[in-house]
Each structure stands twice: as C-alpha cells, then as structure tokens.
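The values are calculated or read from the model by the stated rules, or taken from the named source; none is laboratory data. Given the structure is predicted, the values throughout are model-derived calculations rather than measurements. So basically every Cβ, Gly included, is an ideal-geometry build from the backbone, and we count neighbours across all protein chains shown.
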Amino acid sequence: MADLSTEIAGLHLDSPLIAAAGTAGYGIELASVDRLRGLGAVVTKSITLEARSGNPPMRVTDLESGMLNAVGLANVGLDAFVTDVAMHVRDLPIPAIPSIAGESIGEYEQVAAAMQSMAFVKAVEVNVSCPNTDDGRAYAESPEQLRTLLVDLRRVLKSVAMIVKLPLDFARPSVAADVAIESGADALTLINTVPAMSIDVSTRKSRIGRWSGGASGPGIHPLAVRMVADVYRDLAEPAGVPIIGLGGVMRWQDAAEFILAGASAVGLGTALFVDPRRPRKVLRGLRKWVRRQGCQSIEELVGTAEPS
Ligand SMILES: Cc1cc2nc3c(=O)[nH]c(=O)nc-3n(C[C@H](O)[C@H](O)[C@H](O)COP(=O)(O)O)c2cc1C
C-alpha cells in the first residue's frame, strides 16, 4: 500500500487530508459523524479572546461554484474553549490544530499563550485572512503589521508550531508568504475564502447577512492551486517550509493537483458540508493514484508539476 503519511510543522499525519478551520466545528462535531476517518488532522474554528456570536443570518448560502459564507468567526471564546472544549479536542483520535484569531496583537498573543500552555497542542494555525469581519484581513494586507504580529507570536509560541493561513494573493512572489516565512512560520495554509458577493435579484439585497462574504468550493480551486504552485517554487520550497493546500477540494483529483503544485497536505472545507464522509473517498482515490504514478509514497509527488 502506498504511504500517504506526511509531516507538517513537526506533526506526523497518517493522512495528508486536514479538516479546514471553521468547517468541522472544534473537531468534536465531525468526529460524531464519521469518527474523522480519512483525515490526518483537524483544524478548529478560529478561537478569539472573547466569545463572538458572529454575523446576522443568513450566514451561509450556496453558489453555482460552491458556497458563500459570512459566519464572522462565531466561537465560544478562549475561556470557554479552555474550560469546556479543550479536553474533548485533546481526546480526538487525530491531532487537532487550534486556529487562532484576534482584533489586536495583544488578543492574538493571549490566545496563543493559552495554546502554548496546553500540552496537547503541538501546532496552531494563525488566521490572518478572514474576509467576513471588518478587520479580519488587516494583518495579511499590511506586510509591516503581519511581520510585527508573527514575530511576536513566534516568541509566545515557544514549543508550539506556527502555521500561518493566508488569503489569495495575486502578487508574485507573494509578499505575505515571504513575510510569514521570514517571521518564522513553520508551515503555510493557502488559501482562505475569497472576498465575494451574491445578490438576490428579486429583493435586490445581498443574499447573506453582510454586504459581502467569502467564497469557497470548486470556484476558488484553480486560484488556490496557482498560488500554492507559485509560493512553493518562489519561497516555500527553497526555505523548506511545507504548505497545506486548501480551496475547493471535492474529489481526489483536486487533492492530487495540490500535491503536484507543492502542497504536503491538503485541506477540505466545503466538501465536508456536502458529505462529511468525503475524506475517506478522497484518501482512497489518492492511494490508487500514488500507485499508478509508480510511487511508494505521496511525498515523492510533492511539487512535481511541470509546464506542459
Ligand atoms: C462556513 C465556513 C466557516 C469558516 N470558518 C473559518 C474560520 O473560523 N477560520 C478560518 O481560518 N477559516 C474559516 N473558513 C475558511 C476555510 O477554512 C477554507 O479556507 C475555505 O473554505 C476554502 O476551502 P474550501 O473551498 O475547501 O471550503 C470557513 C469556511 C466556511 C465555508
């Protein structure tokens, strides 16, 4: 059997598939459906210092090309996470990676310090790329602010790996990816949802509770593959920083594309809403594909895409 295990930021994952932030609750919810089979790790919804009730409804709607959401980082907040949720997350059968977010460097720092103090947390994903809050993307859009934030978090996260989740970036080389790597990121997650809008033509109103939100699903997949491929070649591969490719993976072929583009692991988000058992199916397809490519392990295929 082909070896599909992978290493990301010091974590050994039995499967290269990861449940994306915000699409599997705290991991516990998805575990109740399919015991997380097929997945190598789960990223929790983003945790902030204070509890957040999120945006008004509708928070999620369907698109021809996937989903549009404006959840607005609804979460229980750090205290409730530590006292009520963390013990269940710790007991999941696969590694859990808490996602952290904040409105100021101080907030990110406090959440990161709490994660550092919990022995089961080996890595966090720093969300600097949420399009559904007023300031969610501020850090990723200012290289100076991003550097200040990440250098600070690097100091707080003494023994915990720092995975940085970035938005779609049309610049080449990606300035945000460059800053993240220089600031000590142990891995990059590319990409978050893409700012988008959908209008109900009868009511002439936005179809979600905010003016605009974030698109996910198949429509963003080629955009994410391009960014992974370019960041891998320009920055991540030379620096030895692994990438988690994320955006529109519905089938094993989509995951395989990310691997060829340079991802060492692949996230699934929207696919989990369509079918929570999808990771198992994607994993099965990947295993056969690795064998058909004449390889023993999926790692041999990372970043091997060529121009036609
Ligand atoms: C309903 C919903 C909630 C999300 N919540 C978060 C979140 O809390 N933090 C985060 O970093 N990304 C969040 N995301 C973004 C996903 O993790 C992922 O980056 C995005 O959906 C693209 O992947 P996909 O096309 O496979 O869904 C959310 C996405 C959706 C659809």
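Can Lys122 be described as among the charged types (D, E, K, R) and either touching a residue at least 60 places away in the same chain (Cβ under 8 Å) or touching a His at 6+ places or on another chain (Cβ under 8 Å) (or both)?
Considered against the rule, which asks whether it is among the charged types (D, E, K, R) and either touching a residue at least 60 places away in the same chain (Cβ under 8 Å) or touching a His at 6+ places or on another chain (Cβ under 8 Å) (or both), Lys122 comes out as yes.
Does Arg251 satisfy the criteria of being within 13 Å of the ligand (Cβ to nearest atom), surrounded by fewer than 22 Cβ atoms within 10 Å (Cβ to Cβ) and under 27 Å from Arg59 (Cβ atoms)?
When the stated conditions are applied, Arg251 passes them.
Ile8 - would you say it is modelled with pLDDT of 95 or more, within 12 Å of the ligand (Cβ to nearest atom) and on the phi < 0 side of the Ramachandran plot?
Spelling it out, it is not the case that Ile8 is modelled with pLDDT of 95 or more, within 12 Å of the ligand (Cβ to nearest atom) and on the phi < 0 side of the Ramachandran plot.
Which residues, taken from region 254-308, are part of a helix (DSSP H, G or I) and among the small types (Gly, Ala, Ser)?
Residues satisfying the conditions are Ala255, Ala256, Ala261, Ala271, Gly285.
Determine which member of the set Val228, Val274, Val241 is touching a Gly at 6+ places or on another chain (Cβ under 7 Å), under 27 Å from Asn127 (Cα atoms) and among the β-branched types (Val, Ile, Thr).
Val228
So which residues in region 82-102 are in contact (Cβ under 8 Å) with a residue 40 or more places away in the chain and either of a type in the set (A, V, I, L, M) or surrounded by 17 or more Cβ atoms within 10 Å (Cβ to Cβ) (or both), if there are any at all?
Val85, Val89, Leu92, Ile94, Pro95, Ala96, Ile97, Pro98, Ser99, Ile100, Ala101, Gly102
Take Thr189 and decide whether it is surrounded by 17 or more Cβ atoms within 10 Å (Cβ to Cβ), polar (S, T, N, Q) and touching a helix residue (DSSP H, G or I) at 6+ places or on another chain (Cβ under 9 Å).
Judged against the criteria, Thr189 is not a match.
Hey, which of the helices (runs of 4 or more DSSP H) in region 110-203, taking only ones fully inside, have at least 3 residues that are at pLDDT 95 or above?
Fully inside region 110-203 and qualifying: 143-156, 175-182.
Pick out the one residue from Gly248, Gly214 that is out of contact with any Cys (no Cβ under 9 Å at 6 or more places or on another chain), in contact (Cβ under 8 Å) with a residue 40 or more places away in the chain, within 23 Å of Ser99 (Cβ to Cβ) and among the small types (Gly, Ala, Ser).
Answer to the selection: Gly248.
Test of understanding: among Ser46, Ser15, which residue is buried (at least 22 other Cβ atoms within 10 Å of the Cβ), in a strand (DSSP E or B) and within 17 Å of the chain's Cα centre (by Cα)?
That would be Ser46, the only listed residue that is buried (at least 22 other Cβ atoms within 10 Å of the Cβ), in a strand (DSSP E or B) and within 17 Å of the chain's Cα centre (by Cα).
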